[in-house]
Amino acid sequence: MTIPGYPYQNPLNYTGNKVNLVPIAIFYREPTVNDKKYRIGTVIIIGKDPVNVSQGDLWYLANFDSSGDAIWLQLLTGAASPGIDSITTDDGAPPVDPDGNGNVNIVGGIGCTVTGQGPGDTVTIDVMAGGFDFELIQTATHTIETGHGYFADRGAGVTFTMPATANVGDRFIVTTVNAGGFTINENAGQDIRIGSAITTVTTGSLASTAIGDCLEIVCYIQDTNFLVLDSMGNITVV
């Protein structure tokens, strides 16, 4: 079967009916911005490369930039067995990149923190919506952890201490379900902005005045500066 006016492509070892398919070419190196004679959508498979042995790599021509340079994106990395071995984003960074031994390397980004190198990396995924672990606090004091929510439930009140370390975007929630309320004390060098007011550096605090008072706080400068994203009640600022 052919489509009038369009030449069919017969890539690699294809033996089925002759149909109009995505144009495929074989390169012996990775494509560059100067490989411009191909039309958008062209797929290139890399043959044997005596320099870096990249045989089997698959690329496609995504577009041309304002200067006319070709934009080639890599679909997968060649391997001894079939399957997708890596995925490359449009900025050239592979977020998922197996090492050929069954180990998947994950590159950190917004909402994903990676620690360590190679197999055994620890991956932390920050769930930004509805991702708080809530705890009922009935002790006199408690140290806050980011990513957590706290219900202060003590007749004489609960004094919370801010987290000593926090990354930009880390959040926590404190609310009171008891007339004793809560107070949030800072660590050295910290302050908290609530609207146009700001606590005193190091010695400042925020405190509830009634049952149901609530604060959601986010870090905007690592470890030291925090901002109230949302609040309920008449909060005392020191």
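The values are calculated or read from the model by the stated rules, or taken from the named source; none is laboratory data. Keep in mind that what you see is a predicted model, and the values were worked out from it rather than measured. Here Cβ is always computed from backbone atoms with ideal geometry, including for glycine, and neighbour counts include all displayed protein chains.
Residues in segment 206-223 that are surrounded by fewer than 18 Cβ atoms within 10 Å (Cβ to Cβ) and among the hydroxyl-bearing types (Ser, Thr, Tyr): THR209, TYR220.
Considering only segment 66-84, how many residues are over 27 Å from the mean Cα position of the chain (by Cα) and modelled with pLDDT of 60 or more?
Summing the residues that are over 27 Å from the mean Cα position of the chain (by Cα) and modelled with pLDDT of 60 or more in segment 66-84 gives 5.
Taking the numbered list (1) under 20 Å from PHE132 (Cα atoms); (2) modelled with pLDDT of 95 or more; (3) surrounded by fewer than 19 Cβ atoms within 10 Å (Cβ to Cβ); (4) not hydrophobic (A, V, I, L, M, F, W, C) in turn, GLY147 passes all entries but (2).
Scanning segment 190-203 for residues that are outside any strand (DSSP E or B), modelled with pLDDT of 95 or more and closer than 17 Å to ILE144 by Cα returns a single hit, GLN190.
Output yes when any residue across segment 160-183 is farther than 19 Å from SER231 by Cβ, surrounded by 14 or more Cβ atoms within 10 Å (Cβ to Cβ) and of a type in the set (Asp, Glu), and no when none is. So far as segment 160-183 goes, no, none of its residues is farther than 19 Å from SER231 by Cβ, surrounded by 14 or more Cβ atoms within 10 Å (Cβ to Cβ) and of a type in the set (Asp, Glu).
Among the residues of segment 204-238, the one identified as of a type in the set (S, T, N, Q), touching a Cys at 6+ places or on another chain (Cβ under 8 Å) and modelled with pLDDT under 95 is SER231.
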